[in-house]
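Some notes on the structure that comes next.
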Amino acid sequence: MSALDEHTIIISPVGVFDPKLLAAIGPAIRRTYQTGSQMVPLLDDIDFAFDPERSQYCSTPVLTKLSATAPKWAFKVLALVEQDLFIPILTHVFGEAQLGGKAAIVSTARLYDKLSRPPDLDTFIKRTIKEILHELGHTFNLHHCRDHNCIMHYSNCIADVDRRSDQLCRYCRILLADEIKRLTQQ
Amino acid sequence: MGSTKVLIVDDELIMRESLGDWLEQDGCHVEKACSGSEALDLLKNARFDIMLLDIKMEGMSGLEVLKRVKGSEPDMAIVMITAYASVSTAIEAMKNGACDYLLKPFDPSELSLLIEKIIDSQAQASENLYLREEFKEKTRFESMIGQSGPMQTIFNLIADIAPTDSTALITGETGTGKGLAAKAIHSQSPRSQGPFVSFNCGAIPEQLVESELFGHQKGAFTDARETRKGRLEMARGGTLFLDEIGEISMRMQIDLLRVLEDRVFFRVGGTQPIEADFRIIAATNKNLAEAIKARFFREDLFYRLNVISFEMPPLRRRKEDIPLLAKHFLFQFSRETNRPVRTISRDAMDEMMLYDWPGNIRELENAIERAVVIGKEKQLMPHDLPIFHPDHIQHASGDSIREMEKNHIKYILDKNQWNIAGSSKILKIDRSTLYSKIKSYKLQKPA
């Protein structure tokens, strides 16, 4: 039994996702962060974050709303969306998280192979899981990592996502353990 | 990017916040300013590696901030950012010292690559600066050599203390290899990827030591025309080796103690604290306990430095290492000078083993270097080693230091058929100095 067993991470899908993807998220979170997870729809949509000038959705207000909407028992909360996300200074992001905070968001908009017909579902699931683990890592206070194989390595493009593994490197595992120790002592 | 300090200057809150969050996730330490004047205020009390500076701002423009900051912080990389595409503004900014230019919003990969490029080039510049300084000192680092019991103990000790970040004090006579031991500790430590910066406290006039160690801000004193990094700053992330620590003045001892206690320091004339991110290894051939009693050395600094200490054994206490060291130096110098001497004769080795080497490894190294230069045969012979020649001692003797020097120079010149280049190398003075001494002592080449 891990120190975080009594904690639960909420995954909040906004929209409809393949059941195979949703079924793969829980085990991946358990394997990486030793904690349980639940699917709880918290937001009907993210239209409030739409920017008509950019035709994209700003991820930051979604995080604020997620934090406010999440039940108190939720340890962390992550929204999974299909819309293309941005933060004002960048053209796009795969996701965003509150560093050392509660909320995170991941977009699947740029995780498809546009030329792949039919879409390669397994690859898409792997990518989405990696992005979910990466953004949740930030909520555990993990920064971007220099190790190219580490899940916390920053991805600029889809090729970077494919290149890195779905595991934390030894260094990030130690930092995660430190953070978990800190959280459980609070 | 662990300790990279970034200052974001943008009058739009949302831009500052989103860029700040992104960089913090990248492990950067971020501070934000909403105007040029706020940025200048922040810079009075803090240092940054990178400034991301918006060109178009209310009040003081980004270009104005750039011009003001570049004068006092030449090493800080300034990247101009703007929502307005203007090639002429970009050119003006680059002319004034900006290192790059980005148009909002950035592609994440573009920003990521730029930050990485800046960090790499700053690390390279720091390393180059150090290498230039090191080259000036003509320091020759060799791997430590020794099979003797005392040296095996030293190797084990180094292996034990290298992984710690504790301050170390190395004692021992001149020429015993204290600098090599410090370098060995550094190369086996977690800081091995960082620079190894050495500073000889006894080699520099006292009035220059402060600026050499701490660096100075432009205008700090009459000759400070440019802001200059000191050894402490150059050692960031690595090891600072303070050789001959016993020679340092009381004033500098107080400054060093402050660095060790507070882990921050200031450039001369600077007001911004700089983090002391290095390990200190100090060395001395003096008895610091006696220096403390005589009030030449501060006791509190001694205890700060003396966290781990060990003594490098003199060569006379590890004579079994002499053959190994001698062969090593012979190989090195014969290769460097392309001279024919390849082996050491048994008689020469016997004499070397009998000698006590008061100057330790450095004396042995110099003796072999000289022997290689003047040696005519394939084997190094006893007469190639100057220290064993009674006639040399006779020639070099005299009533005054001046007379001794004159006789010694004449002896070396005669021995080398008045070859100025070869003689100056043996005497370890440059050719112009040798010429002036020949003139001053009125020495004449035999007919």
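Nothing in this text is a laboratory measurement; each read-out follows from the coordinates by a stated rule. Everything quoted here is computed from the prediction, not taken from an experiment. No Cβ is skipped: glycine too gets one built from the backbone with ideal geometry, and neighbour counts run over all protein chains shown.
Couple of notes before you dig in:
- Degrees separating the helix B:360-374 axis from the principal Cα axis of chain B, which is the longest one: 70
- The alpha-carbon atoms of chain B, seen along their principal axes, cover 84, 50, 43 angstrom, with the largest extent given first.
- Computed over the range B:304-447, the quotient of the alpha carbon radius of gyration and 2.2 N^0.38 Å is 1.18.
- In chain A, excluding the sites themselves, the longest stretch lacking any of the trypsin sites (Lys or Arg not before Pro) that are in a DSSP loop with at most 15 other Cβ atoms within 10 Å is A:1-53.
- For the protein assembly as shown, the share of DSSP beta bridges that are antiparallel, to the nearest 5, is 15%.
- Once the Cα gyration tensor of the protein assembly as shown is diagonalised, semi-axes √(5λ) in Å: 62, 29, 23
- Whole-angstrom gap from the range B:305-372 to the range B:173-196, using each part's C-alpha centre: 20
- Cα centroid of the range B:238-254 to Cα centroid of the range A:1-76, whole Å: 56
- For the listed residue pairs B:117/B:229; B:70/B:104; B:286/B:439; B:286/B:442, the alpha carbons are over 30 angstrom apart in B:286/B:439; B:286/B:442.
- Free of any GluC sites (Glu not before Pro) that DSSP assigns to a loop and that have at most 11 other C-beta atoms within 10 Å, the longest stretch within chain B is B:227-447.
- Distance between the modelled labels on residue B:44 and residue B:14, one decimal in nanometres: 3.3 nm (7 Å Cα→Cβ projection).
- For chain A, the list of Cys residues with no other Cys C-beta under 4.7 Å reads A:58, A:157, A:172.
- Separation in nanometres of the label points that stand 7 Å from Cα toward Cβ, at residue B:110 and residue B:277: 2.8
- The range A:147-186: translational diffusion in µm²/s, Stokes-Einstein, Kirkwood Rh over Cα pairs, 4 °C, 1.567 mPa s: 117
- Over all pairs of different C-alpha atoms, the range A:1-152 has a mean inverse distance whose reciprocal, the Kirkwood radius, equals 15.7 Å.
- Spatially, the range A:77-99 and the range A:114-186 are offset by 15 Å when compared through their Cα centroids.
- Computed from the Kirkwood radius of its Cα pairs, the Stokes-Einstein diffusion coefficient for the range B:260-378 at 4 °C and 1.567 mPa s stands at 71 µm²/s.
- Mean silhouette area of the range A:30-81, derived from the convex hull of its C-alpha atoms and averaged over all directions, reads 4.4 nm².
- Gyration tensor verdict on the range A:62-146 (Cα atoms; rounded if a/c is under 1.5, prolate if a/b is larger than b/c, oblate otherwise): prolate
- Equivalent-ellipsoid semi-axes of the range B:1-76, from the Cα gyration tensor, Å, largest first: 19, 16, 9
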